[in-house]
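The values are calculated or read from the model by the stated rules, or taken from the named source; none is laboratory data. For clarity, every value in this text was computed on a predicted model and none was experimentally measured. A quick note on method: Cβ atoms are made from the backbone with ideal geometry, for glycine too, and the neighbour counts reach across all protein chains shown. SASA here: full protein model, heavy atoms, side chains in, ligands and nucleic acids out. Shrake-Rupley method; radii C 1.70, N 1.55, O 1.52, S 1.80 Å.
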Amino acid sequence: MSEVQEMTPYQLLGGEGVVRWLCDRFYEIMDSEPTVKPLRDMHPADLAGSSQKLFMFLSGWLGGPSLYMEAFGHPRLRMRHMPFAVDEAARDQWMFCMRKAVSELVAEDWLKDKLLEAFYNTADFMRNR
């Protein structure tokens, strides 16, 4: 097995700083892109806490430190998002932001495709409407 195959997505991306940048960029896009206003409206005015929680979650989800679990316990993503109307439109808006952030960050097509597929599967699982 090659060294790349043994690395986690967290390591392949470059670790903490890059994952943090991805989360910050994701929310910058959400905050500035008019086409995702309905998604933006589901979030608090200050997105810093949302970005931090996404960073903590993605850290563990991508194979790095389990920061979210250490701070809050099991993510229970679907349950935590139940108060929000997460339909296909919300999923697609979320993916628009993530696709744009990933595209700005990841140069390797195989890694970009792997990440976006995993993000889509998770975003689709979150639908509750």
How large is the accessible surface of residue 100 in square angstrom, using a 1.4 angstrom probe and rounding to the nearest 10? 80
How large, in percent, is the carbon and sulfur part of the accessible surface of the chain at a probe radius of 1.4 Å? 55
Can you sort 8, 35 by solvent-accessible area, 1.4 Å probe, largest first? 35, 8
Report the Rg/Rh value for region 37-111, based on alpha-carbon coordinates and the Kirkwood definition of Rh. 0.98
Ranked from the most accessible area to the least, with a 1.4 Å probe and all protein chains present, what is the order of 91, 25? 25, 91
Quick one: plug the Kirkwood hydrodynamic radius of the chain (C-alpha pairs) into Stokes-Einstein at 25 °C, 0.890 mPa s, and report D in µm²/s. 161
Of 17, 101, 35, whose Cα points farthest to the positive end of the dipole of the chain (charges on the beta-carbon: +1 Lys, Arg; -1 Asp, Glu; origin at the Cα centre)? 35
Could you please put 41, 92 in sequence from largest to smallest accessible area, using a 1.4 Å probe? 41, 92
